[in-house]
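*Asks:* Mind having a look at this structure? Questions to follow.
The values are calculated or read from the model by the stated rules, or taken from the named source; none is laboratory data. On a predicted model such as this, the values are computed, not experimentally measured, just so you know. Positions of Cβ are generated from backbone atoms using ideal geometry, with glycine treated the same way; all protein chains shown enter the neighbour counts. These accessible areas exclude ligands, DNA and RNA; they are computed on the full protein's heavy atoms, side chains included. Shrake-Rupley method; radii C 1.70, N 1.55, O 1.52, S 1.80 Å.
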Amino acid sequence: MAWKRKLEWKNLIIGIAGGLILVRFLIPMEYLAPFEAVTWIGFAVEGGLLLLEFLLIVTIVKFVPKLIRAVKSSSLPVTFAFSKAVDEQMKPHPLIRIICSEMLMFYYAFATWRKKTPTSTNEFTLHQKSSLIAMQIMLIHAVVLETVGLHWFFHEKSIILSIVLLILNLYTVLFFIGDIQAVRHNPIVVSDEKLYLSLGLMKRMEIKWTEIENLIENPEQLKQKLSKNTIDFIARDFDEVHPDVILKLKQPSPVTLIMGMKKEFDQVAIRVDEPLEFKALLREKLGSVSERG
């Protein structure tokens, strides 16, 4: 709610329920006994949400064959083709977006190792000249070492807590692996109609050429701190890096973030491995739009 800056009763209730469950593990029962009945409300709410999520998973499973066929027949990158197929086949729902986001994570973590990374004149990578993958691998090593140490420490204190931390850390490792594969297999795609931007599992965006007002290429402007209304598609690096170009949009456009959450921005900062070719192609596409207009 703080991130969205919007009060939503559903998220408030989920937060309260989660807090009631958390105190059951943090506060000894002899101190919590007078409030035991209240804490069970949290379990009831979360149990109802888990049941709802299970029903949604069953619904999604029924549509999986159709989703797979739609993704295979699409020329779009998998992250965009999958989300488009989901929107066409099922009613939009926050839990559905979250579950589908998790499905993408498991797909990239386990099913893309034998696939070749795409290479085309209209596709541009973001990570090859950065330290992004090296940083992700370092984080995986750190999480694995933390998992071993904390699991051993908490196993003698609380078996439940040690198992919960183990599951969370395993999920984190899978997420980093899936994110690495998603970055490798989803370069920026420049089509005749749209620009498809993605940076792993963290964010993706599609922009029609008619939605772009102009390109910002001034080196001094590119070195300035990005404004809050700017989303960046820049691979992390050990050194400070700046965008190669910033797209100024005519109006705010939605960006799909982690867990399927959406937020709007009106500027897009981009850094690619082949900036000269990328900017030349951008100018060509925008010039074609101007001629048609």
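*Asks:* Taking only Cα atoms of the chain, what ratio of Rg to Rh do you get with Rh as the Kirkwood inverse-distance radius? All intermediate terms of the calculation are to be shown ahead of the outcome.
*Replies:* On the way: Rg = 22.2 Å, Rh = 21.8 Å.
Checking Rg against Rh, the ratio lands at 1.02.
*Asks:* Using only Cα atoms, what is the ratio of the radius of gyration of region 1-82 to 2.2 N^0.38 Å?
*Replies:* Values: Rg = 19.6 Å, N = 82, 2.2 N^0.38 = 11.7 Å.
Region 1-82 yields a ratio of 1.67.
*Asks:* Along the charge dipole of region 9-151, Cβ charges K/R +1 and D/E -1, which of Phe124, Ser101, Leu150 sits furthest on the positive end?
*Replies:* Phe124
*Asks:* Under 5 Å between amide hydrogens, which residues at least 5 positions from Lys208 or on another chain qualify, with H placed 1.01 Å from N in the peptide plane?
*Replies:* Correct list: Leu195.
*Asks:* Can you figure out the FRET efficiency of Thr210 with Val23, using R₀ = 41 Å and their beta-carbon distance, to the nearest 0.05? Show your work: numbers first, answer last.
*Replies:* Working: r = 53 Å, r/R0 = 1.28.
Here the calculated transfer efficiency is 0.20.
*Asks:* Loop-only check: which chymotrypsin sites (Phe, Trp or Tyr not before Pro) in region 93-139 are DSSP coil with at most 15 other Cβ within 10 angstrom? Don't skip to the end; give the middle numbers.
*Replies:* On the way: sites: Phe106, Tyr107, Tyr108, Phe110, Trp113, Phe124; in loops: Trp113.
In loop regions of region 93-139 (DSSP not H, G, I, E or B), the sparsely surrounded chymotrypsin sites (Phe, Trp or Tyr not before Pro) are Trp113.
*Asks:* Rounded to a whole number, what % of the accessible area of the chain do carbon and sulfur atoms account for, probe 1.4 Å?
*Replies:* The nonpolar share, carbon plus sulfur, comes to 62 percent.
*Asks:* Could you work out Rg/(2.2 N^0.38 Å) for region 1-148, with Rg from alpha carbons only? If you can, show how the numbers build up before the last one.
*Replies:* Numbers: Rg = 21.0 Å, N = 148, 2.2 N^0.38 = 14.7 Å.
That works out to 1.43 for region 1-148.
*Asks:* Indicate the gyration tensor shape class of region 51-135 (rounded, prolate or oblate), computed on the Cα atoms with a ≥ b ≥ c the square roots of the eigenvalues: a/c under 1.5 is rounded; otherwise a/b larger than b/c is prolate and the rest oblate.
*Replies:* Values: a/c = 2.37, a/b = 1.71, b/c = 1.38.
Since a/c reaches 1.5 and a/b is larger than b/c, the shape of region 51-135 is classed as prolate.
*Asks:* Let me check something: with ligands and nucleic acids excluded, how do Ile207, Ile98 order by accessible area (1.4 Å probe), largest to smallest?
*Replies:* Final ranking, largest accessible area leading: Ile98, Ile207.
*Asks:* Find the accessible area per residue for the chain; the probe is 1.4 Å, ligands and nucleic acids are left out, and the unit is Å². Write down the numbers at each step before the final one.
*Replies:* Values: 18090 Å² over 293 residues.
Result: 62 Å² per residue.
*Asks:* Mind ranking 170-176, 283-289 by how tightly packed they are, going by the mean number of other C-beta atoms within 10 angstrom, highest first? Write down the numbers at each step before the final one.
*Replies:* Numbers: 170-176: 17.1, 283-289: 13.6.
Going from most to least packed, we get 170-176, 283-289.
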